[in-house]
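Participant: Have a look at this one before I ask anything.
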Amino acid sequence: MVQGDYVVGVSEERATEIAMEVALEIANGYHAEAARVVRDRVTEFVPIAIRQLDAAGVLDAFRDPGFNNDVAKAESAAAASGTADDYEIIADLLTERAKTVADRIAAVEVSDAIAIAGRIDPNALRALTVVLALNVVHSSITTEQILDTMENDFKVLVGSGLPKGRAWIDHLDAVGAVRQQSGTTFNSATAIWTSNMAGIYAPGMRRGEEEMRLYNETCREIRCALPLVAHSYRPGYVRVSVSNLDVFRSDRLEDGFDEEEISKAIDAAITFGGVGTIEAESQRRFIADLNSREILGEVASWLQDLPTYFEATPAGRTIGRANLRRLTGVPWKPPGPLA
């Protein structure tokens, strides 16, 4: 079997050879007419997958037998689908799988997502992606930039429209992407957005006064300190340019900053900028700005009208995250559960 093929330092050429050998094994399981379609579709898919794997620097994953099992699974999904959009999603998932070779928990989640990628309806996946994207935290500098980014991203996600009724939810449940639950409802989109981006309507600091001076002095030696920006809802005030402190912490850890320095930056934002404290009038105006955006309003109404509540499974979250990256380029970094 190809899955036992261990190679030190797998090149792009060798990875392509292995992938095509796997494809041949898959095609051999079909009658002649279907096998021809399988070969054609997998031949289209493999260069896309290899390109993404190479760009991520994870071609050596082909040394792992478990990963090669999922190469076969990905190629089978691509063969079943035959669409360019699905090829991109499946290649993204395969790249995520390559990054999880040593993490069995994450590997299973991605493997399960690959298994449903060739069966999931694209409109149902789009709707699932919209629900998941409600919890994405945007970190642009100004409130206006954040609102513009949200409006533009959801415009891309919504596309020509979102499905109505519950057939698409039943489908997602059937393929294992969500689990329906009775007796509960989704939070409103506005509640989700305001909860996840409370830094926007924190009290802030009066420009030029002692709190602002102390903040700047405290942050002088903190490399990851947050800059100050004009407060959109309090004339004469500035606020710390952060939407969500949990996401800030996660981002800075990924950037290589140590926990102690990150904690100092967060403490300064809380102590002097009041991040985590609600300034009621600013919150009211932020909600009004959210409600004034056409696409955000459309999404909020659609969510409110959903006939049943559901939660994404680990596989559903994983494939939704891949679709979000494909459509918007946005990394999915939610601060917590949706509901």
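All of the numbers you see were taken from the coordinates with simple rules; none came from a lab. Just so we're clear, the structure is a prediction, and the values are computed from it rather than from any experiment. Virtual Cβ from ideal backbone geometry, glycine too; neighbours counted across all protein chains shown.
Participant: Rank these for me by crowding, ILE266, ILE105, ILE295, going from fewest to most other beta carbons within 10 Å.
Facilitator: ILE105, ILE295, ILE266
Participant: What's the local net charge at ALA312, with K and R +1, D and E -1, over the other residues with C-beta under 13 Å away?
Facilitator: Spelling it out: positives minus negatives among the neighbours equals -1.
Participant: Compute, for region 203-277, the length of the dipole vector about the Cα centre, with Cβ point charges of +1 (Lys, Arg) and -1 (Asp, Glu) only. Units Debye, rounded to 20.
Facilitator: Charge dipole of region 203-277: 500 debye, to the nearest 20.
Participant: Moving to a separate point now. The list (1) 32; (2) 11; (3) 26 gives values of percent of Cα pairs over 39 Å apart, and only one came from this structure; which label was calculated from it?
Facilitator: Answer by label: (3).
Participant: Using DSSP loop states and a limit of at most 13 other Cβ atoms within 10 Å to flag GluC sites (Glu not before Pro), what is the longest stretch of the chain containing no flagged site?
Facilitator: 1-208
Participant: Okay, next question. For region 307-317, just list the computed ³J(HN,Hα) in residue order, Karplus coefficients 6.51, -1.76 and 1.60, θ = phi - 60°, integers in Hz, with x standing in for Gly and Pro.
Facilitator: x, 7, 8, 8, 10, 6, 6, x, 5, x, 4
Participant: Return one number: the angle in degrees, 0 to 90 and rounded to the nearest 10, between the long axis of the Cα atoms of helix 122-133 and the longest principal axis of the Cα atoms of the chain.
Facilitator: Its long axis makes an angle of about 30 degrees.
Participant: Arranged by the count of other C-beta atoms within 10 angstrom, fewest first, what order do PHE45, PHE286 take?
Facilitator: The fewest-first ordering by Cβ neighbours comes to PHE286, PHE45.
Participant: Per the Debye formula with a single identical scatterer at each Cα and no solvent contribution, what log10 I(q)/I(0) holds for region 2-119 at q = 0.12, 0.14, 0.17 Å⁻¹?
Facilitator: Log10 I(q)/I(0), no solvent term: -0.36, -0.49, -0.74.
Participant: Need one word for region 222-339: rounded, prolate or oblate. Basis is the Cα gyration tensor (sqrt eigenvalues a ≥ b ≥ c); a/c below 1.5 gives rounded, then a/b vs b/c decides.
Facilitator: Since a/c reaches 1.5 but b/c is at least a/b, the shape of region 222-339 is classed as oblate.
Participant: I need to check one value: relative contact order of the chain, counting alpha carbon pairs closer than 8 Å and at least 6 residues apart, in percent.
Facilitator: In percent, rounded to a whole number, it is 21.
Participant: Given H placed 1.01 Å from N in the peptide plane, which residues other than close sequence neighbours of PHE310 have an amide H under 5 Å from its amide H?
Facilitator: GLN181
Participant: Continuing with the same structure: Placing +1 on the Cβ of each Lys and Arg and -1 on the Cβ of each Asp and Glu in the chain, which of ALA107, GLY320, TYR309 has its Cα farthest towards the positive end of the resulting dipole?
Facilitator: TYR309
Participant: State, as an integer percentage, the relative contact order of region 203-277 based on alpha-carbon contacts under 8 Å between residues 6 or more apart.
Facilitator: 42
Participant: When the helix-only estimate is applied to the chain (DSSP H runs of n ≥ 4, each -39,500 (n - 2.57), divided by the residue count), what is the mean residue ellipticity at 222 nm, nearest 500 deg cm²/dmol?
Facilitator: About -19500 deg cm²/dmol.
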